[in-house]
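Nothing in this text is a laboratory measurement; each read-out follows from the coordinates by a stated rule. In this text the structure is predicted, and so the values were computed from the model without any measurement. Counting neighbours? That spans all protein chains shown, and the Cβs are built from the backbone with ideal geometry, glycine included.
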Amino acid sequence: MIFVIGGCDKNGFSRLSFTEKLNLTSGEWTSATALPGYSKSEFAACELQNDIYISGIQTSQTLLVPFVQCYDPVSNKWSYVSSCPFSQRSISAVTLNGSIYVTGGLLEHIYCYTPRTDSWSRAATLPVKLEGCGLTVCDGKVCVVGGRNEQSVAVDQIWAFDPVNGKLTEEKPLTRCLSYHGCVTVLQRL
């Protein structure tokens, strides 16, 4: 299933609250339970243990909220979990080892949400605040790739956070400075 959640209309002005899903086998789109509360956009979404989590929610041009919502596809219900320790948009999220890692939006830290304990913690402090950065997992590390700094200048840096030893290391830089890009890890097997 592919889930599409919230966002903005075709003109980019009205925020939407829908949740829709596409069954790739049948090719059929169906509605799921809409987002509760406000219509939302510019949030990070990720899947963890078959649930969908959204954080970094913008509900209007000026209102950012720290709410985190979890969607259970089996029960078709949204619920609130512990709020994140920030109110920011344009963030990114990835999952690793049963936790969700979030950064971007000019946050100073990489944050970690653990559903098992329904709690947030600071995982690492970044040497620079970034927005529009890529976020992916590679070799058991959370990788922050590129982005724009507080002066709105794109960077070519990559930082890798290892949750096992708690260390953040700077990796070999990108071949160019970039921001607001896609970033994924592809596992290849020989």
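Rounded, prolate or oblate, given the Cα gyration tensor of the stretch 57-190, with a/c below 1.5 counting as rounded?
Numbers: a/c = 1.71, a/b = 1.26, b/c = 1.36.
Since a/c reaches 1.5 but b/c is at least a/b, the shape of the stretch 57-190 is classed as oblate.
Take the chain, connect every pair of alpha-carbon atoms lying under 10 Å apart with a spring to form a Gaussian network, then pick out the residue of A32, A44, A160 with the largest mean-square fluctuation.
Greatest mean-square fluctuation among the candidates belongs to A32.
Treat each spin label as a single point 7 Å out from the Cα along the C-beta direction, and report the Q151 to L96 distance in nm.
Here the answer is 2.9 nm between the modelled labels.
With 10 angstrom as the radius, rank I54, I2 by how many other C-beta atoms surround their C-beta, starting from the fewest. Could you put the intermediate results ahead of the total?
On the way: I54 20, I2 9.
The fewest-first ordering by Cβ neighbours comes to I2, I54.
If the chain between S79 and T30 were fully stretched, how many nm would it gain, using 0.36 nm times the residue separation less the Cα-Cα distance?
Values: separation 49, 0.36 × 49 = 17.64 nm, distance 2.02 nm.
Gain in length upon complete extension: 15.6 nm.
Just need log10 I(q)/I(0) for the stretch 2-128 at q = 0.10 Å⁻¹, Debye formula, equal scatterers on the alpha-carbon atoms, no solvent, rounded to two decimals.
Each listed q maps to, in turn, -0.31.
With +1 assigned to the C-beta of every Lys and Arg and -1 to the C-beta of every Asp and Glu, and no other charges, what is the dipole magnitude of the stretch 2-128 about the Cα centre in debye, to the nearest 20? All intermediate terms of the calculation are to be shown ahead of the outcome.
Numbers: 8 positive and 9 negative charges, 36 e Å.
Magnitude of the dipole: close to 180 debye.
What pairs in K129/K172; K129/K167; K10/K77; K141/K172 have C-alpha atoms more than 22 Å from each other? The partial results should precede the final answer.
On the way: K129/K172 19 Å; K129/K167 17 Å; K10/K77 27 Å; K141/K172 15 Å.
From the list (K129/K172; K129/K167; K10/K77; K141/K172), the Cα-Cα distance tops 22 Å for K10/K77.
Contour minus end-to-end for D51 and T175, with contour as 0.36 nm per residue of separation and end-to-end as the Cα-Cα distance?
Details: separation 124, 0.36 × 124 = 44.64 nm, distance 3.57 nm.
Taking 0.36 nm per residue and subtracting the Cα distance, the gain is 41.1 nm.
I need the peptides 172-184, 99-111 ranked by packing, meaning the mean over residues of other C-beta atoms within 10 angstrom, with the highest value on top.
Values: 172-184: 12.6, 99-111: 22.1.
Packing order, densest peptide first, comes out as 99-111, 172-184.
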